[in-house]
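Contents: one structure, followed by commentary.
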Amino acid sequence: MTLAPIDWIIIAVYLAVCLFAGLWMRRFVRGVEDFAVAGREMDVNVGIASLAATELGLVTVMYTAQLGYDKGFAGTMIGVIMALAMYGVGRTGFVIGPMRAAGVMTVPELFQKRFGARVRWLAGLFVVLGGVLNMGIFLRVGGEFLVHTTGISANYLEWIMTGLLGLVLLYTVLGGMLSVLVTDYLQFLIMGLGIVITSIWVIADVGWTALTKDLLAHWESSAKAGGAAMPHPFNPFHPTSLGWGYILWQMLFQVAVCTTWQTQISRVLAAKDEATAKRMYRRSAFYFVGRFLLPGLWGVAALVHFKFGAALPPGTDSLTAMPAYLGQLLPAGIIGILIAAMLAAEMSTDSGYLLTWATVIYNDLLMPCLKRPLSPRARLVTTRSLVVLIGLFLVFYGLWYELKGNTWDYLAVTGNIYLASVFTLLVAALYWPRANATGALAALVLGAVGPLTFLIVNARADKAHQIAPEVAGASAFALAFLGMIVGSLVTAAPKPSASPKSSP
Amino acid sequence: MNFIASYLFVAVWMILLVTSIAWYGFLVFYIGFKGGKEILEMMRSLDRRNQAAGEEEKTRS
């Protein structure tokens, strides 16, 4: 499939409008507060658009479709768990309420008030390490989508993705969070449109009844044949599917994501007030069901279309089956809308992530080491330079890192490098008066052991000896909690004045 | 039993799928309208703040 002129026009108009809007917001940036948290002027609907656009990247579409292809609809259960976690946190204000009230710019900044500067710095390091490693595969996985949907030669993948990142860098470096919010809003609209049209097109192509019948018939025949059975395509609790262990780990993991993942929390911190932040979470909760389910549907349809792998085109696997299928299915004009939508997904995620990690590096790694505070202008220049440096890292890491296994598991485990430990620190800082700096340091180190061991062992071991992602993930949480409890109880209690809930 | 459970899950996924498509479609229009208004208001508010800061700087100098 090659793109028709109408597709190119749709893509070019979308990119031009985004770039213009992003650059326009530059005029409002007066300091780091505007650059990092949009002067805390964000209201609820822009917040929903920004949160949803940032958390639904092209990489998300790819890994959720891969989950659909590998595990059927049952694989998209993760989206249901995430939606429940978002709603629960938005309803109760668990962690996000007191965090917004504390008036901080990043999660590690909160730790200084309770555990001291050393813990803040180390937490910042873990946040950046986990976050940037996690983001490292975005470009390549996103590029795979474009290559397989459009039929463009794979030789151009690096150039296309570098060009796209360059565009994102331009408006993010100049306009910071203000540009990110406005471009996220536009990207949310085009993404929503593209996802709805494509999903309806896919259902019309495969037919819901035929799809479910084919999936169940294939599962039943594979179960009867014995050997490695196909996962149950609808029941996530079935032993051949995700299973209870994985689902329980995901419940804990998704609560940690909602309360700790810095790109999500930066929207909480940019919100006008605590009530706006909670409302934003509640109202965007159901969006996360579709975030997994709709691309998951595309993956499931690709599985049936390619006759359960038997008719896969050469050079295509479970990750690239969905874009190859959509490339064959969608007509001119619609494919242009889909590609514009997916570029929107990639750009909104990249801009949000670049800004977030740059803010943490500046705020929690560099600033605490400086003897004298930088001038407002120097602060802005430093943060902008960090955005560019992370962008350069992404281009090089994304080019040489070869992903083995399931994309979602890689993302979940690299994210876990900091999620388990920082989540433990947050909960303890806000709700356990006995927690102290020793416990915090122990939790940080022990929480990172599980995911790092997973990354190292699984990069070297053959498939039979690899560690299961739920084992690595759950052990990270268990070790972090153990470190916090034991570390705090065996050392002196903190002074009663240390409270993170008061603003500086 | 397995048969019933399978079809129960099929029904659940179908409901979630239809609701998701409808919700995404609704949000495009709802957020498109409300979010657009909020962005304009945010820009006006930032403009007012920047003008006030500029005037304060002028008065000081």
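The values are calculated or read from the model by the stated rules, or taken from the named source; none is laboratory data. Computed from a prediction, not measured in an experiment: that's the story for all the values here. Every residue, glycine among them, receives a Cβ derived from its backbone with ideal geometry; neighbour counts consider all protein chains shown.
Mind checking whether some residue in segment B:31-42 is surrounded by 15 or more Cβ atoms within 10 Å (Cβ to Cβ) and more than 7 Å from chain A (Cβ to nearest Cβ)? Steps first, please.
At the first step, the residues of segment B:31-42 found to be surrounded by 15 or more Cβ atoms within 10 Å (Cβ to Cβ) are B:31-32, B:34-36, B:38-39, B:42.
Then keep just the ones that are more than 7 Å from chain A (Cβ to nearest Cβ); that gives B:36.
Yes, some residue in segment B:31-42 is surrounded by 15 or more Cβ atoms within 10 Å (Cβ to Cβ) and more than 7 Å from chain A (Cβ to nearest Cβ).
Filter segment A:392-410 down to the residues that are surrounded by fewer than 20 Cβ atoms within 10 Å (Cβ to Cβ) and modelled with pLDDT of 80 or more, then identify the one that is farthest from A:ALA36 (Cα to Cα).
Top of the filtered list is A:PHE396.
Please verify whether A:PRO239 is in contact (Cβ under 8 Å) with a residue 24 or more places away in the chain and part of a loop (DSSP other than H, G, I, E, B), treating the condition exactly as stated. Let's see the steps before the verdict.
Values: in contact (Cβ under 8 Å) with a residue 24 or more places away in the chain: no; part of a loop (DSSP other than H, G, I, E, B): yes.
It is false that A:PRO239 is in contact (Cβ under 8 Å) with a residue 24 or more places away in the chain and part of a loop (DSSP other than H, G, I, E, B).
Name the residue that is nearest to the other protein chains (Cβ to nearest Cβ), counting only residues in segment A:75-92 that are farther than 12 Å from A:MET251 by Cα and buried (at least 24 other Cβ atoms within 10 Å of the Cβ).
A:THR76
It is to be established whether one or more residues within segment A:222-234 are part of a helix (DSSP H, G or I) and crowded, with 19+ Cβ neighbours inside 10 Å. Don't jump to the end; show me each part of the working.
Pass one, segment A:222-234, residues part of a helix (DSSP H, G or I): A:222-225.
Of the ones still in play, those that are also crowded, with 19+ Cβ neighbours inside 10 Å are none.
Taking every residue of segment A:222-234 in turn, none turns out to be part of a helix (DSSP H, G or I) and crowded, with 19+ Cβ neighbours inside 10 Å.
Just the residues that are within 11 Å of another protein chain (Cβ to nearest Cβ) and over 29 Å from the mean Cα position of the chain (by Cα), please, taken from segment B:45-56.
Of everything in segment B:45-56, those that are within 11 Å of another protein chain (Cβ to nearest Cβ) and over 29 Å from the mean Cα position of the chain (by Cα) turn out to be B:ALA53, B:GLY54.
Considering each residue of segment A:266-296, count those that are in contact with a helix residue (DSSP H, G or I) (Cβ under 6 Å, 6 or more places away or on another chain) and either under 30 Å from A:LEU312 (Cα atoms) or not in a helix (DSSP H, G or I) (or both), and give that number.
Qualifying residue count for the region: 12.
Regarding segment A:211-222, can at least one residue be identified that is hydrophobic (A, V, I, L, M, F, W, C) and away from chain B (no Cβ under 14 Å)?
Of the residues in segment A:211-222, the ones hydrophobic (A, V, I, L, M, F, W, C) are A:211, A:215-217, A:219.
Still in the running and away from chain B (no Cβ under 14 Å): none.
Checked against the condition, which is being hydrophobic (A, V, I, L, M, F, W, C) and away from chain B (no Cβ under 14 Å), segment A:211-222 yields no hits at all.
Regarding segment A:201-218, can at least one residue be identified that is touching a Gly at 6+ places or on another chain (Cβ under 8 Å) and closer than 13 Å to A:ALA340 by Cα? Please lay out each step first, then the result.
Restricting attention to segment A:201-218, the residues satisfying the condition of being touching a Gly at 6+ places or on another chain (Cβ under 8 Å) are A:215.
Now restrict to residues that are closer than 13 Å to A:ALA340 by Cα: none.
Checking segment A:201-218: not a single residue is touching a Gly at 6+ places or on another chain (Cβ under 8 Å) and closer than 13 Å to A:ALA340 by Cα.
Collect the residues in segment B:1-26 that are in contact with a Phe, Trp or Tyr (Cβ under 7 Å, 6 or more places away or on another chain) and of a type in the set (A, V, I, L, M, F, W, C), keeping them in residue-number order.
Step one: list which residues in segment B:1-26 are in contact with a Phe, Trp or Tyr (Cβ under 7 Å, 6 or more places away or on another chain), which gives B:6, B:9-10, B:13-14, B:23.
Across segment B:1-26, the qualifying residues are B:PHE9, B:VAL10, B:TRP13, B:MET14, B:TRP23.
So which residues in segment B:9-21 are closer than 10 Å to A:GLY290 by Cα and either more than 8 Å from chain A (Cβ to nearest Cβ) or in contact (Cβ under 8 Å) with a residue 12 or more places away in the chain (or both)? Steps first, answer last, please.
Narrowing segment B:9-21 to residues closer than 10 Å to A:GLY290 by Cα: B:16-21.
Answer for segment B:9-21, where residues must be closer than 10 Å to A:GLY290 by Cα and either more than 8 Å from chain A (Cβ to nearest Cβ) or in contact (Cβ under 8 Å) with a residue 12 or more places away in the chain (or both): just B:VAL18.
Can you spot a residue in segment B:22-37 that is over 19 Å from the mean Cα position of the chain (by Cα) and assigned to a helix (DSSP H, G or I)?
No, there is no match, as no residue in segment B:22-37 is over 19 Å from the mean Cα position of the chain (by Cα) and assigned to a helix (DSSP H, G or I).
So if I check each of A:LEU51, A:LEU67, A:LEU56, which one is in contact (Cβ under 8 Å) with a residue 60 or more places away in the chain, within 13 Å of chain B (Cβ to nearest Cβ), under 22 Å from A:THR149 (Cβ atoms) and in contact with a helix residue (DSSP H, G or I) (Cβ under 6 Å, 6 or more places away or on another chain)?
Numbers: A:LEU51 fails: under 22 Å from A:THR149 (Cβ atoms); A:LEU67 fails: within 13 Å of chain B (Cβ to nearest Cβ).
After applying the criteria, what remains is A:LEU56.
Looking only at segment A:415-459, how many residues end up being buried (at least 24 other Cβ atoms within 10 Å of the Cβ), of a type in the set (Phe, Trp, Tyr) and under 22 Å from A:GLY93 (Cα atoms)?
2
Does any residue of segment A:193-208 turn out to be buried (at least 17 other Cβ atoms within 10 Å of the Cβ), touching a Cys at 6+ places or on another chain (Cβ under 7 Å) and within 11 Å of chain B (Cβ to nearest Cβ)?
No, because not a single residue in segment A:193-208 is buried (at least 17 other Cβ atoms within 10 Å of the Cβ), touching a Cys at 6+ places or on another chain (Cβ under 7 Å) and within 11 Å of chain B (Cβ to nearest Cβ).
Can you list residue pairs whose Cβ atoms sit under 7 Å apart, with the first residue in segment A:174-192 being within 11 Å of chain B (Cβ to nearest Cβ) and the second being of a type in the set (Ser, Thr, Tyr) and surrounded by fewer than 24 Cβ atoms within 10 Å (Cβ to Cβ)? Count only pairs 6 or more apart in sequence or on different chains.
A:ILE190/A:TYR14; A:GLY192/B:TYR24
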